[in-house]
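The values are calculated or read from the model by the stated rules, or taken from the named source; none is laboratory data. Because the structure is predicted, anything quoted here is derived from the model rather than measured. Neighbour counts are summed over all protein chains in view; Cβ atoms, including those assigned to glycine, are modelled from backbone coordinates with ideal geometry.
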Amino acid sequence: MPVQSKCFYPFTKEFGNRIGEMTSFVWASYAGLWHIHRTATALSGLSSKPEWKKIEDYLIDGVPDRGGIDLKLITSKNWEEHQSVYSDFIMTQAAVLYEEWCGELASLTLTSPLKIKSETFQFPSGATSRNWTNWAKLDDAGVIASSAFLTSEVQPKLLTMYESNIRNLDGLLKWYRFYKELRNAKTHHGGISRQENVDTYTEAIKTPLKSLGLKRDYSGSAPAVGKIEKISLSDAVLMLAIIQRLAYAFDAKYCHTILAEEDLSNRLKAVLTYVTPPVQALTARKETWIRNFMERHAAVTPADISETEKWLSTNGLIKIRTI
């Protein structure tokens, strides 16, 4: 289901919605498979030679566009094995979604001569690389070319809204690194832990997830080099909550760049191809129209309507005469 959260960039809102939809989809399909697994196991146990096709037709009759389901294979595996498949799916998709989101933010935070890339927003503040610049460097005075309008009229409210996520960025990123390395172990190393898994866990566990604003802590055991790691579905889902908080925090921190202002202006220009502002209006009516316009079409609640009006006029977007 869509997540009702304020954010500046449309791609952040879409990211949040996809995370919410994925969470709902996973739990719904998980419940469906559990029903199929439990019922098929019970029905197949009634005969020494189960008629799998009849059991399949009984369980999923009427499902549109269904493909074949190997109930024999499904029932041959214990439930923990099915949970593992869901966990691997979540971690893989979460990593891909967050990497893509980071790449989009990087394109609107480019600051020459710094190397702002997707990796910029994927590591704690102390991490360094020759190939990319860490996000913490963007906080140095004078590094970012800032928009005066966004800095004063838009960003403050978002910084307040996501203050906790921003304050806990390092903790959240350490947990993200743990999950990313766990996913790498499962995808590229047969699930066998390496030193990277031990190191990222050691750093992450110093800050329990509940202290970072999540509803519960990670319940898995510490990884050991050479050991095949398992992660419960409920622990895997925590990765979705982590990347969602990271995206909202970074969205708020870096929504004030000149590139972000250009992006906002271009978005509003597109809207004005089908929305026609009034030519003239009383002051109260004009202010209401501008506020509604910005909230509905830019997801922005201006701090000062007069400053917003001035910005809209200066950028050749809207000019409403007062009567």
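The table that follows gives values for the structure above.
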quantity: Matching option when the condition is among the aromatic types (Phe, Trp, Tyr), assigned to a helix (DSSP H, G or I) and free of Cβ contacts under 8 Å to residues at least 60 places away in the same chain, among 98, 86, 58; calculated: 58
quantity: Matching entry among 196, 163, 119, 153 (being acidic (Asp, Glu), on the phi < 0 side of the Ramachandran plot and at pLDDT below 95); calculated: 153
quantity: Candidate set: segment 182-231, residues that are exposed (fewer than 13 other Cβ atoms within 10 Å of the Cβ) and among the charged types (D, E, K, R); chosen: the one nearest to residue 83 (Cα to Cα); calculated: 216
quantity: Residue match in segment 136-146 (condition: closer than 25 Å to residue 224 by Cα, surrounded by fewer than 21 Cβ atoms within 10 Å (Cβ to Cβ) and of a type outside the set (Val, Ile, Thr)); calculated: no
quantity: Which listed residue is at pLDDT below 95, assigned by TED's automatic domain parsing to the domain that holds residue 236, within 15 Å of residue 250 (Cα to Cα) and of a type in the set (D, E, K, R), from 139, 170; calculated: 139
quantity: Segment 126-158 - residue that is closer than 17 Å to residue 9 by Cα and part of a loop (DSSP other than H, G, I, E, B) and, of those, nearest to the chain's Cα centre (by Cα); calculated: 154
quantity: Counted residues, segment 107-125 - those being small (Gly, Ala, Ser) and not in a loop (DSSP other than H, G, I, E, B); calculated: 2
quantity: Verdict on residue 64 being over 17 Å from the mean Cα position of the chain (by Cα), part of a loop (DSSP other than H, G, I, E, B), over 27 Å from residue 258 (Cα atoms) and touching a residue at least 12 places away in the same chain (Cβ under 8 Å); calculated: no
